[in-house]
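Colleague: This is the structure I have questions about; it appears just below.
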Amino acid sequence: MRKNDTGVFQLDNGYWGYRYAIRIDGKSRESKKVKDEFGNPFKTKSSAVKARQQAIMNEKINAAAPQLKRPRKKVSEVYDEYCEFGRAGKAYATIVKQDSLWNNHIKTKFGKRYVDDISVAEINDYLAELYYTQNRAYSYTESFLKIFYLIFGQAYSRNYLNAEQYDKLCKNKDTKIHMPKMKIDEDTDIVTFSDEQMITLSEYFKDTNAETAFMLGKYCGLRINECYGLKWCNVDFDNDIIKIDRQMQYQKGVIKLVSLKTRNARRDIVMATPLKEYLLSLKRHRDKIMVELTEQREQNQTMLSDMGKETISSLELVNSLDEGKIQTVNSMKYHTQKIKAQHGIIFKYHYLRHTYGTRLALMNTPMHILCNQMGHASAMLHRSIIWVILSRV
């Protein structure tokens with residue numbers, strides 16, 4: 001190996017990497033890289049050699065430069081700064097969840113600690129304690145991991161962590177904080193209803209106040225907040241499309257129509273023929289009683305904030321009762337209990353969404369269409385639905 005090839009090596013995939021270990025002013029500095037600063041692999045030996053030489057030169061320049069005193073901040077201060085400056089535009093539910101994790105758990109354990117004094121091992125041990133000792137659900141424990149990534153990212157962006165510390169905590173795949181190994185008996189299966197169960201559920205919901213919500217879950221796979229936030233003006237009978245662009249949500253005890261959590265959740269869902277026929281019949285019925293029960297409906301209506309821009313009547317919602325009373329995301333709780341008591345079926349509205357997505361997969365629906373109808377980015381499609389797709393080939 002030539003002198004300038006020192007520390008350069010080839011990977012099994014044909015790309016290149018480099019490593020170095022040098023001493024400057026009595027201090028050891030070492031690094032190993034297989035990608036450049038933009039995350040691109042080194043395709044040739046010469047590119048890896050040049051990158052190594054540049055990295056060593058940068059080390060020497062940085063060592064010679066006067067060192068700026070880095071401000072030290074406690075984890076609680078970093079989180080407060082994130083709340084004030086870093087989460088504008090976050091969904092209300094996301095903010096509530098983050099604050100719950102912080103106030104009820106993380107604040108007590110780490111709030112008074114300096115953010116640059118926390119090790120990878122401490123975070124990994126804490127996550128392991130939550131998962132193995134406290135028996136928290138895997139997905140719930142994963143929420144803590146996301147909060148820690150958020151805190152360390154905020155600290156790095158404000159110069160409370162140097163690049164080396166941040167790389168060790170959040171970037172380097174060999175050292176960064178991570179989830180504990182999943183338990184063998186962890187329940188990660190998706191729950192879907194069988195054909196027989198769907199027949200039973202269809203018969204149960206027939207002519208009930210929740211029939212419309214059931215039909216929307218069955219034929220559109222809506223999330224429950226999307227279902228109860230659907231307005232009649234978003235049902236396009238001419239083009240057989242239902243436009244999903246908002247959701248119903250409780251915010252500090254007040255019912256509101258708010259924006260969806262992600263951009264991908266905004267979508268146009270193709271209206272199946274049975275659903276179209278049902279909604280057309282419901283619309284004709286509502287147009288009729290709108291005349292017959294005008295005073296009663298106006299008296300029982302609820303005024304809602306719609307996307308923070310205007311106030312609308314609950315009568316504009318698809319899921320409202322004949323006499324004008326609003327239906328909310330809590331309207332399904334009674335039926336959940338009754339279905340279990342009468343038919344022995346564990347019913348959650350979200351299982352209709354699981355069933356809808358799984359059946360689309362089994363019908364060989366192209367991935368991009370399936371993702372669009374479910375309101376997911378392709379990378380976020382539920383792992384169990386992906387399993388269904390893979391198992392059929």
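Every residue, every condition in (1) open to solvent by 60 Å² or more (accessible area, probe 1.4 Å); (2) more than 28 Å from the chain's Cα centre (by Cα); (3) of a type in the set (Val, Ile, Thr); (4) over 29 Å from Thr141 (Cβ atoms), yes or no:
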{"position": "Glu196", "(1), (2), (3), (4)": "yes, yes, no, yes"}
{"position": "Asn209", "(1), (2), (3), (4)": "yes, yes, no, yes"}
{"position": "Met215", "(1), (2), (3), (4)": "no, no, no, yes"}
{"position": "Lys218", "(1), (2), (3), (4)": "no, no, no, yes"}
{"position": "Gly221", "(1), (2), (3), (4)": "no, no, no, no"}
{"position": "Gln247", "(1), (2), (3), (4)": "no, no, no, no"}
{"position": "Leu257", "(1), (2), (3), (4)": "no, no, no, yes"}
{"position": "Arg267", "(1), (2), (3), (4)": "no, no, no, yes"}
{"position": "Tyr278", "(1), (2), (3), (4)": "no, yes, no, yes"}
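Colleague: Identify the single condition in (1) in contact with a Ser or Thr (Cβ under 7 Å, 6 or more places away or on another chain); (2) over 22 Å from Asn319 (Cβ atoms); (3) modelled with pLDDT of 95 or more that Ile199 does not satisfy, given that it satisfies every other one.
Modeller: Among (1) in contact with a Ser or Thr (Cβ under 7 Å, 6 or more places away or on another chain); (2) over 22 Å from Asn319 (Cβ atoms); (3) modelled with pLDDT of 95 or more, Ile199 violates only (1).
Colleague: While we're on this one: Here are some residues: Asp167, Asp80. Which one is out of contact with any helix residue (DSSP H, G or I) (no Cβ under 7 Å at 6 or more places or on another chain), modelled with pLDDT of 95 or more and not polar (S, T, N, Q)? Step through it out loud before you land on a result.
Modeller: Working: Asp167 fails: modelled with pLDDT of 95 or more.
Among Asp167, Asp80, only Asp80 is out of contact with any helix residue (DSSP H, G or I) (no Cβ under 7 Å at 6 or more places or on another chain), modelled with pLDDT of 95 or more and not polar (S, T, N, Q).
Colleague: Something else about it: Of (1) touching a residue at least 40 places away in the same chain (Cβ under 8 Å); (2) under 29 Å from the mean Cα position of the chain (by Cα), Leu321 satisfies all except one. Which?
Modeller: The one condition Leu321 does not meet is (2).
Colleague: Checking Asn124 against (1) closer than 30 Å to Lys35 by Cβ; (2) in a loop (DSSP other than H, G, I, E, B); (3) of a type in the set (S, T, N, Q), which single condition isn't satisfied?
Modeller: Result: Asn124 passes all but (2).
Colleague: Let me ask something else about it. Of the numbered conditions (1) touching a residue at least 40 places away in the same chain (Cβ under 8 Å); (2) out of contact with any helix residue (DSSP H, G or I) (no Cβ under 9 Å at 6 or more places or on another chain), Ala121 satisfies every one except a single condition; which is it?
Modeller: (1)
Colleague: Further, regarding this structure: Give the number of residues within the range 295-312 that are assigned to a strand (DSSP E or B) and touching a strand residue (DSSP E or B) at 6+ places or on another chain (Cβ under 6 Å). I'd like the intermediate steps shown before the answer.
Modeller: Looking only at the range 295-312, we keep the residues that are assigned to a strand (DSSP E or B), and these are 303-306, 310-312.
Adding the requirement that they be touching a strand residue (DSSP E or B) at 6+ places or on another chain (Cβ under 6 Å) leaves 303-306, 311-312.
Total satisfying the criteria: 6.
The values are calculated or read from the model by the stated rules, or taken from the named source; none is laboratory data. What you see is a predicted model; the values in this text were computed from it and never measured. Positions of Cβ are generated from backbone atoms using ideal geometry, with glycine treated the same way; all protein chains shown enter the neighbour counts. SASA here: full protein model, heavy atoms, side chains in, ligands and nucleic acids out. Shrake-Rupley method; radii C 1.70, N 1.55, O 1.52, S 1.80 Å.
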